[in-house]
Number of protein chains: 2
Amino acid sequence: MTDLKQKILAAVGDDLKAIEEALAENLNPYFDLVSQVAGHILFAGGKRLRPLLMVLCARLCGYSGNHTARFSTIFEYLHAATLLHDDLVDGADMRRGRQVANQLWDNPTAVLTGDFLLSRGLSIAADTGLCEVIRVIARITENMSQGEIRQLEKKGDITLTEDEYFEVIRCKTAVLFQGACRTGALVAGAKAAKVQALTSYGYHLGLAFQMADDLLDYTQDLSSLGKHAGADLREGKLTLPLIHALSRAPETDRKRMVAILQNPDFTTTEFVALVEMLKYHGGIAYTHEQAAAHIQTAKAKLHPFGNSQTREILMDIADYALVRKS
Amino acid sequence: MTDLKQKILAAVGDDLKAIEEALAENLNPYFDLVSQVAGHILFAGGKRLRPLLMVLCARLCGYSGNHTARFSTIFEYLHAATLLHDDLVDGADMRRGRQVANQLWDNPTAVLTGDFLLSRGLSIAADTGLCEVIRVIARITENMSQGEIRQLEKKGDITLTEDEYFEVIRCKTAVLFQGACRTGALVAGAKAAKVQALTSYGYHLGLAFQMADDLLDYTQDLSSLGKHAGADLREGKLTLPLIHALSRAPETDRKRMVAILQNPDFTTTEFVALVEMLKYHGGIAYTHEQAAAHIQTAKAKLHPFGNSQTREILMDIADYALVRKS
């Protein structure tokens, strides 16, 4: 474990425990099947980053009540709902080292459990009694579904532009981070300027987080990847490292890359060759630079809040989003 | 067409036109694929009963603004979202005489378009600016997903009780009708007693509507049904006519009924025999009586509103819910 991760975990241990308890409590498991399927996706070692951001942003804005853990579950439920539907859409086999729910059970069960988790999230949002929070959640769901659809439409499309990529990751990732941070500020009754600052922090952090995630698909220790090397690529998802490299590579290398990405059964050797080309043509470095710039912007949004332990953790989380190895 | 249907359609022609326009406008079809799939399910001759109920309830409470058509789309979008996911869950082939979306396209497309329609509904609910409306919508989605899950869990379960049946139809149908009527009253700024009366009207109407729907599966002109006779039964859905008959039939007939319902490849002849047993053991009559009682309760909730053309249409719609042939 990196030092940074250890430092963050030590600082937020109690929060993570409270979030974990709230996640189990608020599931209201009326049904055995839902408990099992929702538990399978919810309790598979997720980082709880989204709920944690909400809790920390509320604290940064002076919230002292004891509802944040409960409200923060909204963002994990929404996230888990999306994962359940995504795994079906992507035709993935594994998620966080476990078989995906739609294979372990079936498509109907995964679809309905996703619907249930989404509706639990909405219902808890309604419990906040804050109209603006509910509005935030409604917009998040709209953006996320649009992002997923756009991604599906663009599957395998080698003409995907950098702008289109950013629009997808904005919708599918950044709006949820942004919404979690905004909700934290709203729950705390923060003034407009602070709400806006934390909204921006979440937005830029979310973009960087997704770019880092997309980088991991190409930079993880290849020896340990085995058959799961290049999962995004296999699902026809073009991400920034590849988009940038394709835009910069001369025709021969471009053709070689396209040949690999258009064959879902590419070998590990071919994948390693592709990663080399991504490095050579600057796709990895460019993506890293872009992500780092968004992290800087995110951190800058925290300056007006003045020094505090909570602000320091939010700063550390931003740094960690980029250096994490999983 | 029955006289009652003609009378209703003549009275609400302009409303239906406004609803139809709003449904197309508010879809915000950023994506070709979504437009196509959403259009396939939305514009396949639905009755628009849920949005119509909202519009009429708002009018009954004195609403004179021009936002009801837009807000009423919430209930059709939610309904269509559920249908898209249900068709996948049920493994159905046809819906309203058309091939289901998950077959015409694929499961991923149907799942994501359902998510999109749900999120559009939520987003329009947020646009009402009425916290209570958004809360209603959140609860609807929660109930509907629970109803669907319960139905999936109980698929083919011949021990399903009448109480469990009512819980399923409450969740999957009545809460949406109830929510549409309640929202109409809320948008009009009606007093609590009126909001409550229309909420109850919608609830009882919804229950009756679903029972009538379940009856149709057994009472439609069999000669025209062909391979689609007994669709519910084929999907393992036990509904009240069968539940009641099973509870009343002596062992021999009970066994014959169970044998038919446990064989998804039952013949039309077997299905006709089953319907005869449902009639003989009172399942059809009992379901009809129960539905009629809920219609009476629904209509009684309208009495305090005093006489008006709008109230008369709502009365007529209640009567029509039971006598309709499709």
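General remarks:
- Segment B:63-183: proportion of alpha-carbon pairs further apart than 26 angstrom, %: 26
- What the phi angles of segment B:158-171 give under the Karplus curve with 6.51, -1.76 and 1.60, with θ = phi - 60°, is a coupling list of 7, 9, 3, 8, 4, 4, 5, 4, 5, 5, 5, 6, 4, 5 Hz, glycine and proline written as x.
- Note on chain A: the C-alpha convex hull projects to 15.8 nm² when averaged across all orientations.
- Residue A:94 long-range amide H proximity, modeled H, under 5 Å: A:100
- When the Gaussian network model of chain B links Cα atoms closer than 10 Å, the mean-square fluctuations of B:199, B:239, B:159 top out at B:159.
- Taken over the alpha carbons of segment B:136-204 as equal point scatterers, the Debye sum produces base-10 log I(q)/I(0) values at 0.12, 0.18 Å⁻¹ of -0.36, -0.67.
- Phi-derived couplings, Karplus 6.51 cos²θ - 1.76 cosθ + 1.60 at θ = phi - 60°, listed residue by residue for segment B:268-274: 4, 4, 4, 5, 4, 4, 4 Hz, with x used for Gly and Pro.
- Förster-model FRET efficiency, 35 Å R0, residue A:94 and residue B:105, C-beta, rounded to 0.05: 0.85
- Here the residues A:280, B:286, B:165, B:201, ranked from fewest to most Cβ neighbours within 10 Å of their Cβ, fall in the order A:280, B:286, B:165, B:201.
- Choice from B:48, B:96, B:248 showing the highest fluctuation, given a GNM over chain B with Cα pairs closer than 10 Å: B:96
- Ascending count of other beta-carbon atoms within 10 Å, so fewest first, for B:265, A:157, A:232: B:265, A:157, A:232
- What separates the Cα centres of segment A:267-312 and segment A:152-180 is a distance of 16 Å.
- Each of A:26, B:57, A:296 was placed along the dipole of the protein assembly as shown (beta-carbon charges, centred on the mean Cα), and the one lying farthest toward the positive end is B:57.
- Nearest-first distances (nm) between copies at residue B:103, label 7 Å from Cα via Cβ: 2.7
- In order along segment B:173-186, phi translates into HN-Hα couplings of 10, 4, 5, 6, 4, 4, x, 5, 5, 4, 4, x, 5, 5 Hz, rounded to whole numbers, per the Karplus curve 6.51 cos²θ - 1.76 cosθ + 1.60 with θ = phi - 60° and x for Gly and Pro.
- Computed over chain B with a Gaussian network model linking Cα atoms closer than 10 Å, the most mobile of B:13, B:114, B:39 is B:13.
- Sorted shortest first, the distances from the residue A:62 label point to those of the same residue in the other copies are 4.2 nm; each point sits 7 Å from Cα along Cα-to-Cβ.
- Panel order for A:150, A:324, by other beta carbons found within 10 Å of each beta carbon, from fewest to most: A:324, A:150.
- Diffusion constant of the protein assembly as shown at 25 °C, which comes from Stokes-Einstein with the Kirkwood Cα-pair radius and 0.890 mPa s, µm²/s: 93
- Rounded Å value of the spacing that divides the Cα centres of segment B:38-52 and segment A:46-111: 32
- Descending principal axes extents, segment A:1-60, alpha-carbon based, whole Å: 40, 27, 15
- log10 of Debye I(q)/I(0), alpha-carbon scatterers only, for segment B:219-326 at 0.19 Å⁻¹: -0.95
- Label 7 Å beyond Cα on the Cβ vector: residue A:156 copy-to-copy distances, nm: 3.4
Values quoted throughout were computed directly from the atomic coordinates according to the rules given, and no laboratory measurement underlies them. No experiment lies behind these values; they were computed from the predicted model shown. Don't worry about glycine lacking a Cβ; one is built from the backbone with ideal geometry, like all the others, and counts go over all protein chains shown.
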